[in-house]
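Every number in this text was worked out from the coordinates using simple rules, so none of it is lab data. This is a predicted model, so every value here is computed, not measured. Every residue, glycine among them, receives a Cβ derived from its backbone with ideal geometry; neighbour counts consider all protein chains shown.
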Amino acid sequence: MCGIVGYIGQQSAATLLLEGLKTLEYRGYDSAGIALAPGDGAFRVTRASGKLVNLQGRLDPRDPATLGIGHTRWATHGRPTEENAHPHRSGDGKVVAVHNGIFENFLELRKELQDKGESFLSETDTEAFPVMVSHLLKGGVTFTEAFRQALGRMEGIYAIACLHADDPNRILAARSGPPLVIGLGEGENFLASDVVPLLRHTRRVIFLEDGDLAELTRNGVRIFDLQGKELHRPIQNIPYDPVAAEKGGFKHFMQKEIFEQPQAISNTLLNRLPIEASEPIPLELPFTDEDLKSLQRIHIVACGTSWHAGLVGKFLIEQLARTAVEVDYASEYRYREPVIPEGTLIIGITQSGETADTLAAMKEAASRGARTLAICNVLGSTATRTAEATILTHAGPEIGVASTKAFTTQLAVLTLLALRIGEAKGTVDPKLRAELLQGLRELPAHLEHISALEPRIIQWAQRWRDASDFLYLGRGPLYPIALEGALKLKEISYIHAEGYPAGEMKHGPIALIDKDLPVVALMPKDSHREKTLSNLQEAAARDGRILGLVTQGDRGLDGIAEDVLELPEVHPWLAPILYVLPLQLLSYHIAVLRGCDVDQPRNLAKSVTVE
Ligand code: BG6
């Protein structure tokens, strides 16, 4: 996934576009570029490989141009080099474009255009677009017509913005797949891949739909379909404040977002906990009790960290609502011809609401008759606009590429959803329901308490920063947390790590255990404790170096574990929300000690809008 920005107005476009790209860098950071249109029939295109600072070093912030487009890249086609960085331009230099997505038929188009005398400079799929527009312009059609016709020739997905040097009063943009948002100003207008860069300029935005083509001028914005028919799209006011997207004195967004979890959980639970025990869980679902009662099966689809949340969701929904749940990697689900019997609900868990695989999996299930629910953190994102129902996690903007606060808020929402379906089906014991609701209310305080254990976790990080492998073990609802702990470490410190159900260890990974392997063990006081303890005794018997997370006052790992962290006692089904925080901090501090780029780990992007 890449980040796109565009501006037409009165201000210096160079600075404004660069600031916009900075807030989008989490979407892709292997090269970047900006094209400025001074209005003299040519463009000033500046590009650089690597981080945005490289581009900043080459840009003249005093450039007077008040029109431009910019891009930060996550390479799909063509290596992350300056030549392959966007904006791409036509051979005559008259047309430039920035693109998020993939043109699958670019090789064919490239051949066709080369046969017609056009030339190419990069290895990218995107370059075919400005070359095609320029080629069509030579046929005497208008810029808008050439833009529309060129889109008609492209196969694949795109969010794209384009300029024509001889028409310096318009930006043309279009969307089919990845997101594109228009920001409305006075005498100026903006576009971007998401709302964050727009917020410091306006709160009034338009989310483009698939198939929309937008024309931005200084005096307004017009939207058309690809046949040229003018369309009306609603203007939305975005409640976020731009400060939320700043580091707030923390060294990294990831660290800030880990420490924001108590507040993120409070915000997510706000107005969703019944005042009176007799009241139903007030979740803003358009499904009636009858709908929920008639649910026969639930399919959860997601990617990355959100998939781990899905695994915890399966545990909670099956326990509390006695309804069968399947959890799938979205990229697999969309191609396995899923069996969708009557009464199936598909739940897409996605922080960004833009992950292509998750969106496609939901679409696939909906096309086979399933009802759709999105659990998402971004208001206005595609998932929230395509799903039948949405439950927003109110974690606030999550900038760090490795997901943290969005994950724990997803778990809180899944707990409420499991209770809601269970109460509709009459499968929840009122005493248990009350205990879980009270437990949810107490979570923010417990998370504050655990955050204060950071100095102990830093000691673990210093001790194990040079380990080449890690093993994470947990049982029941903590098994997905073992997976999440391992993923966090892999994502940001590049250390190989595995998460396993503790009971499964003896069937394979026990072979990895020796005196150099740290084994992070999740052992809260629950029905699995005894079994987990004996698994850890097996690991200790092979010199495994156990780092234990246990319930306050539990001395069970004395003499077995190298070190133990004691966490507040909570209902075992809420323990996943608490036990993940120390694992987030452990991976964070190991990555910092190893000098890794925590917020923008290599090869990753915040969510991937291409397949
Ligand atoms: C990856 C991110 O690209 O996508 C992960 O690096 C994330 O952090 C995964 O968990 C899924 O993203 P989303 O937005 O669909 O939850």
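Details
- Working note: Cα atoms of segment 469-611, range along each principal axis, descending, whole Å: 44, 33, 30.
- Peptides 32-41, 474-483 ordered by packing proxy, namely the average of other Cβ atoms within 10 Å per residue, highest first: 474-483, 32-41.
- Distant-in-sequence amide H partners of ALA42 (H built 1.01 Å from N, under 5 Å): none
- All alpha carbon pair distances within segment 524-579 were sorted into 5 Å bins beginning at 0; the resulting P(r) in whole percents reads 4, 20, 30, 25, 15, 5, 1.
- For segment 327-359 and segment 70-132, distance of Cα centres in Å: 32
- DSSP-loop trypsin sites (Lys or Arg not before Pro) across segment 52-111, with at most 14 other Cβ within 10 angstrom: ARG58, ARG62
- For segment 464-508 and segment 195-235, distance of Cα centres in Å: 45
- ³J(HN,Hα) computed for each position of segment 166-183 - Karplus, 6.51 cos²θ - 1.76 cosθ + 1.60, integer Hz, glycine/proline x: 8, 9, x, 10, 8, 10, 9, 9, 7, 9, 8, x, x, x, 8, 10, 9, x
- Cβ-Cβ FRET estimate between GLU123 and ASP210, R0 fixed at 35 Å, reported to 0.05: 0.80
- Neighbour-limited loop hits for GluC sites (Glu not before Pro), segment 320-422 (at most 15 other Cβ within 10 Å; DSSP other than H, G, I, E, B): GLU342
- Ranked packing of 419-432, 551-564, most packed first, by mean Cβ within 10 Å: 419-432, 551-564
- Rounded to the nearest 10 degrees, the inclination of helix 529-540 to the longest alpha-carbon principal axis of the chain is 80 degrees.
- Taking the C-alpha atoms only, the angle from helix 454-464 to the longest principal axis of the chain is near 80 degrees.
- R0 of 51 Å, Cβ-Cβ distance ARG463-GLU342: FRET efficiency to nearest 0.05: 0.40
- Antiparallel bridges, percent of DSSP beta bridges restricted to the chain (to nearest 5): 60
- Principal axis dimensions, segment 213-303 - Cα atoms, whole angstrom, descending: 54, 47, 30
- Partners of LYS525 within straight-line reach, counting lysines whose Cα lies under 26 Å from its Cα and excluding those fewer than 8 residues away in the same chain: LYS314, LYS405, LYS431, LYS488, LYS506.
- Of the trypsin sites (Lys or Arg not before Pro) found in segment 577-611, those in coil by DSSP whose Cβ has at most 15 other Cβ atoms within 10 Å are ARG594, ARG602.
- Label-point separation in nm, HIS571 to LEU593, each point 7 Å along Cα→Cβ: 3.7
- Label-point gap, in nm, between GLU538 and LEU270 - each point 7 angstrom along Cα→Cβ: 4.7
- Long-range HN-HN contacts of ASP212 with modeled amide H, under 5 Å: ARG175
- Treating each Cα of segment 1-128 as an identical point scatterer and summing with the Debye formula, the log10 of I(q)/I(0) at q = 0.20, 0.23 Å⁻¹ comes to -1.09, -1.34.
- Across the alpha-carbon atoms of segment 231-352, the computed radius of gyration and Dmax are 18.3, 51 angstrom.
- Full-extension gain in nm, ARG58 to HIS496, via 0.36 nm per residue minus C-alpha separation: 153.9 nm
- The angle between the Cα long axis of helix 405-425 and the longest principal axis of the Cα atoms of the chain comes to about 70 degrees, rounded to the nearest 10.
- Residues LYS525 and ARG602, FRET efficiency given R0 of 41 Å [Cβ-Cβ distance, rounded to 0.05]: 0.55
- Counting all C-alpha pairs of the chain, share separated by more than 46 Å (%): 20
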